[in-house]
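Visitor: Sharing a structure below in structure tokens format, with a few things to ask.
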Amino acid sequence: MALIDERTKEEVARRLLPLKEPVSLTLRYASIESCPTCPESRELVETLGELAPGKLTVELVEADPAQYQLPQIEVSRPGETPRVLFQGLPSGFEFATLIDAVERVGGAGSGFSESAGRRIAGLDHDVEVTVFVTPSCPYCPSAASLANRMALASEKVRARTVEANEFPELSQRHGVRGVPHTVVNGGRSFVGALPEEHFVERVLALATRSEVSA
């Protein structure tokens, strides 16, 4: 059974064909023995590439499971270092988050208010924002998208969306008991979906604290 039905394909094609800038999708994968959802992730990105020919380039990279949390999908403009990453199969509600990321990288931009955008652009240190999600969580796309948008607003920010159920050890390490669970610089965290201004404020505050602690 196809991961994306025909009706969804039509809707995705309608959204991706108007992309202003080319987008690169890189899938890091391994064998099904060490990465059960890698075949489905490959089918997903290849289908997206077929739906937006000339707009969306797909690259498949075989990776070492000891070095990466696989599958890993990286969204970027061609030639740029990816700052928007998805770890795990982006299914359920998170499929929409992936499409949103592609649209924004492809020219839609971060869409932040002037005040929020100015605060993010003023960052003088690196910030990694990791959002743990599940496919059935209707509130997770909001948090994951805000993290991705922060990465688009500043080269200092790197965003990762992690499917919590696929990486139980990683989830346990960060104390994930509810989603969306947002971790800043691998340490401090908060739970729940927040409005744009509050999300940015919380992330920047935790990033500042982690800098002071370091």
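Visitor: Being farther than 24 Å from LEU25 by Cβ and in contact (Cβ under 8 Å) with a residue 40 or more places away in the chain narrows it down to one of VAL162, VAL203, so name that one.
Guide: VAL203
Visitor: Quick check on GLU197: is it assigned to a loop (DSSP other than H, G, I, E, B) and not polar (S, T, N, Q)? Break it down stepwise before answering.
Guide: Details: assigned to a loop (DSSP other than H, G, I, E, B): no; not polar (S, T, N, Q): yes.
So GLU197 does not fit the description; no.
Visitor: Of everything in region 11-61, what is small (Gly, Ala, Ser) and either surrounded by 14 or more Cβ atoms within 10 Å (Cβ to Cβ) or at pLDDT below 95 (or both)? Give them in sequence order.
Guide: Selection gives ALA13, SER24, ALA30, SER34, SER41, GLY49, ALA52, GLY54.
Visitor: Would you be able to tell me the number of residues in region 1-33 that are assigned to a loop (DSSP other than H, G, I, E, B) and among the charged types (D, E, K, R)?
Guide: So the count comes out to 4.
Here is a yes/no grid of residues against (1) touching a Leu at 6+ places or on another chain (Cβ under 9 Å); (2) surrounded by fewer than 20 Cβ atoms within 10 Å (Cβ to Cβ):
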| site | (1), (2) |
| --- | --- |
| PRO82 | no, yes |
| PHE86 | yes, no |
| GLY92 | no, yes |
| ALA96 | no, yes |
| ILE99 | yes, yes |
| VAL102 | yes, no |
| ALA116 | no, no |
| LEU123 | yes, yes |
| VAL127 | yes, no |
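Visitor: Could you please find all residues in region 5-24 being of a type in the set (A, V, I, L, M) and either in contact with a Gly (Cβ under 7 Å, 6 or more places away or on another chain) or over 24 Å from PRO53 (Cβ atoms) (or both)?
Guide: Once the filter is applied, which keeps residues that are of a type in the set (A, V, I, L, M) and either in contact with a Gly (Cβ under 7 Å, 6 or more places away or on another chain) or over 24 Å from PRO53 (Cβ atoms) (or both), region 5-24 yields LEU19, VAL23.
Visitor: Counting residues that are surrounded by 18 or more Cβ atoms within 10 Å (Cβ to Cβ), which strands (runs of 3 or more DSSP E) fully inside region 137-194 reach at least 3?
Guide: The qualifying strands (runs of 3 or more DSSP E) are 157-163, 181-184.
Visitor: Additional query: So which strands (runs of 3 or more DSSP E) stay within region 34-126 end to end and still have 1 or more residues that are touching a residue at least 24 places away in the same chain (Cβ under 8 Å), under 14 Å from LEU152 (Cα atoms) and more than 16 Å from the chain's Cα centre (by Cα)?
Guide: On the way: elements: 56-62, 72-76, 84-87.
By residue number, no strands (runs of 3 or more DSSP E) qualify.
The values are calculated or read from the model by the stated rules, or taken from the named source; none is laboratory data. Since we're looking at a predicted model, the values are computed, not measured. Ideal geometry is used to build each Cβ from the backbone, glycine not excepted, and the neighbour counts take in all protein chains shown.
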